[in-house]
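Read the figures in this text as sums done on the coordinates, not as results from a lab. Owing to the predicted nature of the structure, the values given are computational and were not obtained by experimental measurement. Virtual Cβ from ideal backbone geometry, glycine too; neighbours counted across all protein chains shown.
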Amino acid sequence: MKNAFFVLTAVLCAAVLVSGQESGNRIYGNQGYYNQQKRQPPLNNGNLMTTNSLGFQIYSVEASVLINLKPDAFVAVFGVNDEDKQAAASNAKVNARIDEFMKALNGLGIGKSDIYVDFITQSRVYDYTVQGRQATETFSGFETKKTVAIRYKSRDAFEKIVAAAAAQQIFDLIKVDYIVSDFESVRARLFDEAAKIVKAKRDKYMTTFGIAKLEPIGLENEKYEAFYPSEQYQKYQAFETGDAYTSYENSSKVVQRKSFTFFYEPLPESKFDLAINKAGLEPVVQFTAYLRMNYDATQVKPK
């Protein structure tokens, strides 16, 4: 999608409407769907004493901080496509549905400045005719595909937007992006809080364990990560719903539907030195910071 407006890479997927949680069909392609392996933030590794190439003892102090933030706005992206014998006609069909969709959105208080239509593709469509045992590919027309991006600020507007789309036979909700506008201030706050923790730990180590002095050498590691809800959805399948099996009496295969769903699982706050803004019931954007500060520990005898 072209840069009609600024969107931090946030995400959220599938038409799962549960108590204000938004999701879109892109969830079926993320790692959580296939193997339930999620990207992890840098965390304290616990290895504080190291020896450099000159043989001097280096003592490290580390801190990891998490902040949970509600988004400033959302961007829902819908896919629209239609076919016809003529290319212009297929494009006109798509435009007609989008125009009616935009009229409905205007009734919800969403103006043209918060809507962007992106032309994706217009391609030939082929079909098959079967005569006897031979199938022949034949040209059948054109298909036009576009996406409609809609920016909105209230979670309450989401289901109304989905209903307006469905009224125009627009069912493909591709994704919902979460927007956080002021990332720089978030990053600055994370750094300040992590730095406080590093200094407090240094002082605590010295007083508690009798370390004479820890002279600062330099900051070894400074890393920030952003985790959007789409990455945090995990697949769940009820064990008792059944499975497919083969009947040996008549060699037929009996299939029983075994449904699955997704659930939102944020980063656990217990893994961090500090969690700012405790997570509630709804999905949030999670930002993390990790600092590792090195100190001269020549007076510290390794165990």
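Using only Cα atoms, what Kirkwood radius does the stretch 160-228 have, in angstroms?
16.9
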ask   = Extension gain Ala89-Lys204, at 0.36 nm per residue separation less the Cα-Cα distance, in nm?
value = 34.1 nm
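Rounded to a whole number of µm²/s, how large is the Stokes-Einstein D of the stretch 73-179 at 25 °C and 0.890 mPa s, given Rh as the Kirkwood radius over C-alpha pairs?
162
Only Lys, Arg, Asp and Glu count, each charged at its Cβ (+1, +1, -1, -1), so figure out the dipole size of the stretch 73-179 about its Cα centre, rounded to 20 debye. Could you put the intermediate results ahead of the total?
On the way: 14 positive and 14 negative charges, 36 e Å.
The dipole of the stretch 73-179 has a size of about 180 debye.
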Cα-Cα over 30 Å, subset of Lys38/Lys204; Lys38/Lys93; Lys103/Lys153; Lys199/Lys278; Lys70/Lys213 = Lys38/Lys204; Lys38/Lys93; Lys70/Lys213
message = Quick check: pseudo-label points 7 Å beyond the Cα along Cα→Cβ at Glu220 and Phe139, how many nm apart are they?
response = 6.6
